[in-house]
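Comments concern the structure below.
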């Protein structure tokens with residue numbers, strides 16, 4: 001059975017969405033970062049970077065959310081990560097897009113508007129937020145154009161790229177980033193948020209956070 005060690009971060013949500021979409025049995029182990037549970041010797045034995053998520057499977061450990069998502073789909077031989085090399089690369093390219101581009105700016109805005117004040121980490125980086133908003137709008141426009149004749153990101157099928165991207169884009173609700181100018185992106189987000197697997201993953205995190 002899979003065991004995912006995580007927190008209610010975007011990076012933890014990515015493999016949670018994949019696990020639920022795969023419909024496999026797994027255990028979610030809540031690691032409270034606010035209490036420093038990721039800095040214990042036990043956690044250090046699982047990952048050298050001291051961050052969530054960490055996947056535990058058959059006595060082995062794997063860190064980095066993208067690697068975990070790919071591994072899960074590979075082990076389960078799921079079409080969420082197709083075997084065809086070109087189709088797989090198309091999935092990879094969108095995962096990289098979110099990691100290096102759009103997701104980067106959304107995480108910046110989430111940190112400055114949500115995490116920084118909650119953790120009392122000093123003054124908001126206003127210039128950094130302005131830059132993040134600027135680039136996020138540019139990349140949302142690019143994404144909206146991509147969806148003109150498409151339902152999903154890659155290969156005309158739901159893939160781990162969509163679930164990976166969901167974990168980033170859903171932050172717009174928390175940071176009050178309107179998608180009014182990007183109706184196709186909003187439709188894509190609505191489709192993903194309307195899936196039963198998405199609701200199950202979010203409930204699993206909420207249950208862990210409340211324990």
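Worth a mention:
- Test result for residue 191, within 22 Å of residue 16 (Cβ to Cβ), in contact with a helix residue (DSSP H, G or I) (Cβ under 9 Å, 6 or more places away or on another chain), in a helix (DSSP H, G or I) and not assigned by TED's automatic domain parsing to the domain that holds residue 14: yes
- Against the test of being within 23 Å of residue 143 (Cβ to Cβ) and touching a helix residue (DSSP H, G or I) at 6+ places or on another chain (Cβ under 7 Å), the options 66, 50 yield a single qualifying residue, 66.
- Criterion (touching a strand residue (DSSP E or B) at 6+ places or on another chain (Cβ under 7 Å) and surrounded by 19 or more Cβ atoms within 10 Å (Cβ to Cβ)) met by exactly one of 18, 24, 91: 91
- Listed conditions (1) modelled with pLDDT of 95 or more; (2) touching a helix residue (DSSP H, G or I) at 6+ places or on another chain (Cβ under 8 Å); (3) surrounded by 14 or more Cβ atoms within 10 Å (Cβ to Cβ); (4) at negative phi are all met by residue 181, apart from (3).
Residue-by-condition table, conditions (1) outside any loop (DSSP other than H, G, I, E, B); (2) within 19 Å of residue 99 (Cα to Cα):
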position	(1), (2)
132	yes, yes
142	yes, yes
151	no, no
163	yes, yes
168	yes, yes
177	no, yes
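- The set of residues from segment 115-130 being under 20 Å from residue 8 (Cβ atoms), part of a helix (DSSP H, G or I) and over 17 Å from the mean Cα position of the chain (by Cα) comprises 116, 117, 118, 119.
- Within the span defined as segment 112-119, every residue fails to be closer than 22 Å to residue 94 by Cβ and in contact (Cβ under 8 Å) with a residue 24 or more places away in the chain.
- Residue in segment 148-156 that is touching a helix residue (DSSP H, G or I) at 6+ places or on another chain (Cβ under 6 Å) and surrounded by 19 or more Cβ atoms within 10 Å (Cβ to Cβ) present: yes
- Residue check for residue 57: in contact with a strand residue (DSSP E or B) (Cβ under 8 Å, 6 or more places away or on another chain) and on the phi < 0 side of the Ramachandran plot: yes
The values are calculated or read from the model by the stated rules, or taken from the named source; none is laboratory data. All of these numbers come straight from a predicted model, not from anything done at the bench. Cβ sites come from the backbone with ideal geometry, for glycine too, and all protein chains shown count toward neighbours.
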